[in-house]
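Before any comments, here is the structure.
The values are calculated or read from the model by the stated rules, or taken from the named source; none is laboratory data. Just so you know, these numbers come straight off a predicted model, no measurement behind them. Don't worry about glycine lacking a Cβ; one is built from the backbone with ideal geometry, like all the others, and counts go over all protein chains shown. To get the accessible areas, we keep the full protein, side chains included, count just its heavy atoms, and leave off ligands, DNA and RNA. Shrake-Rupley method; radii C 1.70, N 1.55, O 1.52, S 1.80 Å.
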Amino acid sequence: MRGTRRFRTGLAAAGAVALLCAGALTGCETAGPERTAPKPTPRPTPVWDRTPASVAAVGDSITRAFDACTILSDCPEASWATGTDTRVNSLALRLLGPERVSERSWNLAKTGARMAELPEQMARAGARKPELVTVMMGANDACRDRAEQMTPVAEFRADFEASLAMLRKTAPKAQVYVSSVPDLKRLWASGKDSALRREIWNLGICGSMLADPEDLSPSAEKRRTTVRDRVVAYNRTLQEVCAKDLRCRYDGGAVFGFPFDGEQLSRWDWFHPSRNGQARLAELAHRQVTAPEPPA
């Protein structure tokens, strides 16, 4: 009986120890190999360099600063991307400083260009081995004589994908800043009540959106909505394609959302950015390019 009692007492003590260990979770392992804490996983080095040392710009008339200085003329010195005009304070001027902006930045944009022409521009940009390439393209794909002539979204996507692929062949580590396409319908809404703007727009500027600016009929409203929807689709495409490239940043719709009006527009066409508008574009771009790496 005494042996049985001692045996039962031992079982009870062992059970109590097991329960205590289970509740405490730690500190009860007295045997077995020594355990080491897992090493923390090192954070990856950010891919994006916020201080690139050279800039190449590709795009259309906006990047060429068309109608910003004189009528019907490019004014690249006032470009938001690579201009040397201190009143604009371009992205390149902010990043590189006045001593290097002329030698370390290149404006390869072309007035009137559409997305189909971007691969060729990217090839020229890649040959310069820039650390940053700015892209602002798509307004001319939406601004046609008629809405039916707008570039299909599938073609727009294919050409943009081909453009990035072209750049990666010659400049695989170049960073790319992609601007959204401006909101053309907001431009119409802000100027449709101005007799001067209506007269100028009727000369043939962005007919798909700005033709007959006083026409508020259902068909005209449908046309303008169709153009705006296409611009939204272009911007979604830019965002999606850019997101697949580790060294590409989309502006998050900053340019699309900016209310260009008044001082920001050229007095010659009330469509292209003025020097003031170019300065606003430079501010938006610099904010995006120098922003910290977004969290994973």
Which pairs turn up if I take residues in segment 91-112 that are more than 20 Å from Ala291 (Cβ to Cβ) and among the aromatic types (Phe, Trp, Tyr) and look for partners that are modelled with pLDDT of 95 or more and outside any strand (DSSP E or B) with beta carbon separation below 8 Å, at least 6 apart in sequence or on another chain?
Trp106/Thr82; Trp106/Ala125; Trp106/Arg128; Trp106/Pro130
Search segment 224-268 for residues being polar (S, T, N, Q) and over 17 Å from Asp159 (Cα atoms), and hand back the single one that is surrounded by the fewest Cβ atoms within 10 Å (Cβ to Cβ).
Thr225
Test Glu99 against the stated conditions and say whether it is under 21 Å from the mean Cα position of the chain (by Cα), open to solvent by 30 Å² or more (accessible area, probe 1.4 Å) and acidic (Asp, Glu).
no
Filter segment 269-283 down to residues that are open to solvent by 20 Å² or more (accessible area, probe 1.4 Å) and more than 14 Å from Gly191 (Cβ to Cβ), then give me how many there are.
4
Report the residue count in segment 257-296 for those that are among the acidic types (Asp, Glu) and either under 15 Å from Cys75 (Cβ atoms) or touching a strand residue (DSSP E or B) at 6+ places or on another chain (Cβ under 9 Å) (or both).
1
Being open to solvent by 30 Å² or more (accessible area, probe 1.4 Å), β-branched (Val, Ile, Thr), over 23 Å from Lys173 (Cα atoms) and modelled with pLDDT of 95 or more narrows it down to one of Thr86, Thr151, so name that one.
Thr86
Mind checking whether some residue in segment 187-205 is part of a helix (DSSP H, G or I), modelled with pLDDT of 95 or more, under 29 Å from the mean Cα position of the chain (by Cα) and under 15 Å from Gly138 (Cα atoms)?
no
For segment 84-96, name all the residues that are more than 19 Å from the chain's Cα centre (by Cα) and more than 20 Å from Gly126 (Cα to Cα).
Thr84, Asp85, Thr86, Arg87, Val88, Asn89, Leu93
Looking at the structure I just gave you, is Glu214 at negative phi, open to solvent by 20 Å² or more (accessible area, probe 1.4 Å) and assigned to a loop (DSSP other than H, G, I, E, B)?
yes
